[in-house]
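Below is one structure, written out as structure tokens; comments come after it.
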Amino acid sequence: MKKILALLLVFTLAAALCACGATKVVDVNPTVASDGAAAIRADFEKAKAFVEANIDMKNMEAQDQDQEDPSYLYQYWFVQDAPNAEFSLDAELDGQTVTVGKTTVKELKELGFELSTDQKVIEPDVSTGLSLSKGDKICNITLANNDTGKELPIDEGVLSEVDMIGNEFGISYAYSGLKDQSSFKDVIDKLGAPNSQVKISSDDSGVSIELSYFNSTQDGDKTSDKSLTVYFGYDTANNAASVCQINLAITQS
């Protein structure tokens with residue numbers, strides 16, 4: 001009988017040890033997730049320190065965001081009562097200069113660009129998103145809202161936004177000497193500190209930084225709102241940021 005009890009005790013202890021071992025294996029997954037979130041947080045905080053070291057942010061107000069999801073962190077800084085920023089509406093696409101708010105579809109075609117549409121007219125009260133192409137290279141654009149009250153031939157459509165993205169398929173671009181891979185310092189030296197907002201976001205794909213500039217002018221009853229946003233990829237290893245996209249737009253009301 002004693003031998004049977006001893007054997008039962010051995011089996012019970014062995015089963016308990018196996019169960020503990022299995023539990024420890026299962027616990028690995030939350031640890032991995034936690035480590036990933038910690039890395040995202042570390043990159044986020046490093047990018048914040050980089051921005052604060054390179055921009056005078058004393059006139060900016062931080063806006064805390066809902067950061068319950070540790071896999072995606074972001075924060076805005078808004079500039080309070082800033083004067084208009086001075087910036088050009090000229091963009092250079094594949095060596096050709098276009099002007100947001102002035103250049104027409106007809107002029108884009110004359111510069112050798114093709115549009116990703118076969119539509120002939122723009123309906124009233126419609127802004128039209130399109131792509132420009134040259135060979136296998138593309139660039140996204142938007143045509144201004146058609147406020148004429150009647151159908152407008154698409155060739156008369158006016159460029160209101162150009163989204164300049166640096167990648168292997170994108171049309172090469174330059175803006176006031178800035179282009180794909182220009183440094184953070186290059187942008188600040190050229191444009192100054194942003195007068196609208198700064199945004200930093202971080203997830204498992206990396207960290208991005210946005211600098212936004214704004215200008216609003218009044219001419220009689222017409223208001224022109226111009227915006228310039230520069231997007232950067234942040235290199236955590238080298239504590240540096242470089243341009244990956246520039247968006248230039250104008251809206252009139």
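Numbers below:
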{"item": "Stretch gain in nm, segment Glu168-Asp189, where the contour uses 0.36 nm per residue and the Cα spacing is subtracted", "result": "4.9 nm"}
{"item": "Potential extension, Asn238-Asp125 segment - 0.36 nm per residue separation minus Cα distance", "result": "35.9 nm"}
{"item": "Cα gyration tensor, the range 150-202 - rounded (a/c under 1.5), prolate or oblate", "result": "prolate"}
{"item": "Rounded to the nearest 10 Å², the accessible area of Glu123 at probe 1.4 Å", "result": "80 Å²"}
{"item": "Alpha-carbon spread of the range 105-180, three principal axes, descending order, Å", "result": "39, 24, 18"}
{"item": "Average projection area in nm² (convex hull over Cα atoms of the range 120-253, one quarter of hull surface)", "result": "10.3 nm²"}
{"item": "Carbon and sulfur %, accessible surface of the range 145-253 computed with the full protein complex present, 1.4 Å", "result": "43 percent"}
{"item": "Residues of type aspartates and glutamates that Lys222 reaches as a straight line, Cα spacing below 15 Å, ignoring anything fewer than 8 places off in the same chain", "result": "Asp147"}
{"item": "Shape of the range 78-132, Cα gyration tensor, a/c cut at 1.5", "result": "oblate"}
{"item": "Rounded to the nearest 10 Å², the accessible area of Leu143 at probe 1.4 Å", "result": "0 Å²"}
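The values are calculated or read from the model by the stated rules, or taken from the named source; none is laboratory data. Values in this document were obtained by computation on a predicted structure and should not be read as measured data. Each accessible area value is taken on the protein alone, full model and side chains, heavy atoms only, with ligands, DNA and RNA left out. Shrake-Rupley method; radii C 1.70, N 1.55, O 1.52, S 1.80 Å.
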